[in-house]
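Novice: One structure follows; several queries about it will come next.
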Amino acid sequence: MSGPATPHIAQPIAPAPGPRPPVALYVHVPFCVSLCPYCDFVVYAGASARGPAARVDAFLRALHAELGLRAHALYERFGTARPPLETVYLGGGTPSLLPADAVAGLLDVVRSRFALVSGAEVTIEANPGPGERGDAGALRGAGVTRLSLGAQSMWDPALRRLGRRHRAADVADAVAVARDAGFESISLDLLYDVPDSSLAGWTRTLDAALALEPDHLSLYALTIDDPDAEGLTGPMADHLPTTTGARRWRARARQAQDDDRAADQYLHAVERLSADGWRGYEISNWARPGHESRHNLVYWERRPYEAVGPGAHAFDGVTRRWNGARLEGYLAALCPSGGAPPRLPPGDSEAVDGDRAVAETVILALRTDQGIAREAAGRARFREAFRWATAAGLAVVTDSGRLVLTTRGRLLSNELFARLI
């Protein structure tokens with residue numbers, strides 16, 4: 001078992017000065033059997049993921065090299081004062097496509113170069129289909145403690161509409177296999193506001209998911225973005241260009257979404273899960289007691305984390321750094337030809353300090369059920385925004401003196417966050 005979740009410690013509004021060593025590590029594995037049309041993650045599908053032209057082995061060599069370079073850089077900055085990692089998260093992509101011995105090898109490198117605390121949470125994302133979920137027993141034996149399954153829906157027509165390869169029955173099979181393998185912390189991802197969906201259909205999906213007795217649920221509104229238009233797909237950027245087919249799918253899908261229906265679906269989930277004793281500890285995340293995602297809490301508490309792999313983001317408390325999304329550049333830097341030594345992959349960074357750091361700290365804290373101290377909400381630069389939020393029923397002050405979002409506030413959180421920036 002991954003152990004009880006770390007108790008949530010309210011993040012101070014004044015960010016800690018200076019860079020700090022990471023307490024978590026994110027590993028991005030950029031391979032999928034096929035590309036879902038709504039997906040904006042860094043993904044290489046088809047022949048890159050499987051078959052004689054697959055680039056998985058080359059990627060693993062590069063990943064080992066980057067882990068070594070990042071660990072060395074941290075040692076040069078922080079020396080032996082760097083603490084062991086509390087969490088490791090293998091995301092993607094579909095990291096469960098990696099052979100279990102490759103996952104074990106990666107975790108061995110992490111233990112030797114970064115160190116892990118006793119009882120560290122180690123999560124891997126997996127697709128539920130039998131050809132993509134990996135060997136649960138071998139993954140558990142490799143040291144993975146938590147499984148996150150990309151279910152997305154428990155209704156086959158919706159899965160087909162989303163371009164998913166698995167079916168609802170595969171989700172049930174994947175959960176059963178994982179339980180048999182000894183996984184005691186299993187999370188399911190579900191999407192609402194799927195094009196042409198209904199409240200009744202969402203209710204069936206949520207009921208079917210709960211019947212599998214997972215420990216954690218992540219419920220996300222289907223967001224259809226345009227990273228090309230947002231300037232996120234340049235040579236050093238952290239996104240890949242959107243394919244022509246995906247662009248056409250998104251144009252049709254936007255026409256079949258509905259804000260009011262999405263709100264009804266979210267409200268139903270809040271009421272249903274609350275009645276069953278689930279903790280909605282973050283806007284999109286619910287957990288059984290002790291099964292909160294310790295890794296994701298690192299992000300929301302704005303603690304420092306390391307990251308490796310194409311498109312991966314790291315944060316040291318002051319600077320946010322990311323690797324470029326292009327696999328070719330990643331491999332060329334870390335596995336150069338001609339015997340040259342590996343170098344860090346291309347990417348970019350930005351400082352997040354001053355007023356921006358304070359606003360980010362407040363916004364991230366408000367995403368959680370712990371909110372912020374009432375005194376922080378009264379600071380001059382936030383006072384008007386929170387006066388508006390409380391008057392509109394978006395936020396309340398608890399008996400313990402914390403300002404937290406209401407359910408209505410969670411639904412309209414982007415309006416409030418825009419006023420805080």
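Novice: Quick check on the exposure proxy: order Tyr330, Tyr26 from fewest to most C-beta atoms within 10 angstrom.
Specialist: In increasing order of surrounding Cβ atoms, one gets Tyr26, Tyr330.
Novice: 5 Å is the cut-off here: which amide hydrogens, built 1.01 Å from N in the peptide plane, fall below it relative to Ser284, excluding neighbours closer than 5 in sequence?
Specialist: It is none; the list stays empty.
Novice: Let me ask something additional. Can you compute log10 of I(q)/I(0) for segment 162-317 with the Debye formula, treating each Cα as one identical point scatterer, at q = 0.11, 0.16, 0.21 Å⁻¹?
Specialist: The calculated log intensity ratios at q = 0.11, 0.16, 0.21 Å⁻¹ are -0.58, -1.18, -1.36.
Novice: Through the Karplus equation 6.51 cos²θ - 1.76 cosθ + 1.60, θ set to phi - 60°, convert the phi angles of segment 208-219 into ³J(HN,Hα) values in whole Hz; use x for Gly and Pro.
Specialist: So the Karplus estimates, Gly and Pro as x, are 5, 5, 5, 5, 7, 6, x, 9, 8, 10, 10, 10 Hz.
Novice: Could you tell me which residue out of Tyr89, Trp322, Pro128 lies farthest along the dipole of the chain toward its positive end? Charges go on the beta carbon: Lys and Arg +1, Asp and Glu -1, centred on the Cα centre.
Specialist: Selected residue: Trp322.
Novice: Right, next: Treating only the Cβ atoms of Lys and Arg (+1) and Asp and Glu (-1) as charged, compute the dipole magnitude of segment 100-210 about its Cα centre; round to the nearest 20 debye.
Specialist: Roughly 100 debye for segment 100-210.
Novice: Quick one: Debye curve from the C-alpha atoms of segment 354-421, no solvent, what's log10 I(q)/I(0) at q = 0.12, 0.14 Å⁻¹?
Specialist: The Debye formula, applied to the Cα set alone, gives -0.24, -0.33.
Novice: Taking amide H positions as placed 1.01 Å from N in the peptide plane, with prolines and chain starts having none, which residues 5 or more places from Thr319, or on another chain, fall under 5 Å of its amide H?
Specialist: Val352
Novice: About its Cα centre, how strong a charge dipole does the chain have in debye, to the nearest 20, once Lys and Arg get +1 and Asp and Glu get -1 at the Cβ?
Specialist: My answer is approximately 460 debye.
Novice: In a Debye calculation with equal point scatterers on the alpha-carbon sites of segment 116-187 and no solvent, what is log10 I(q)/I(0) at q = 0.25 Å⁻¹?
Specialist: Taking Cα atoms of segment 116-187 as identical point scatterers yields -1.07.
Novice: Looking at segment 140-225, I'd like the Rg to Rh ratio, where Rg is from alpha-carbon atoms and Rh is Kirkwood's inverse mean 1/r.
Specialist: Here the Rg-to-Rh quotient is 0.99.
Novice: Mean separation of Cα pairs under 8 Å and 6+ residues apart, divided by the residue count of segment 304-382: what relative contact order is that in percent?
Specialist: 20
Novice: Next question, about the same structure. Name the residue from Thr390, Leu219, Gly339 whose Cα lies farthest towards the positive end of the charge dipole of the chain, charges +1 on Cβ of Lys and Arg and -1 on Cβ of Asp and Glu.
Specialist: Gly339
Novice: For segment 274-345 and segment 130-202, write down the distance between their C-alpha centroids in whole Å.
Specialist: Here the two parts' Cα centres lie 21 Å apart.
Novice: Something else about it: Under the definition of Cα pairs under 8 Å and six or more residues apart, what whole-number percent is the relative contact order of the chain?
Specialist: Relative contact order of the chain: 20 percent.
Novice: In whole Hz and in residue order, list the ³J(HN,Hα) couplings for segment 233-250 that follow from phi through the Karplus curve 6.51 cos²θ - 1.76 cosθ + 1.60, θ = phi - 60°; x for Gly and Pro.
Specialist: Using θ = phi - 60°, the values come out as 10, x, x, 9, 7, 9, 10, 9, x, 6, 6, 4, x, 5, 5, 5, 4, 5 Hz.
Novice: Sequence-distant or interchain residues sharing an amide H contact under 5 Å with Ala221, placed H: which?
Specialist: Correct list: Tyr192.
FYI, it's all coordinate maths here, none of it is from the lab. All figures in this text were calculated on a predicted structure; none of them were measured in a lab. Methodologically, a virtual Cβ is constructed for each residue, glycine included, from the backbone with ideal geometry; neighbour enumeration extends over all protein chains shown.
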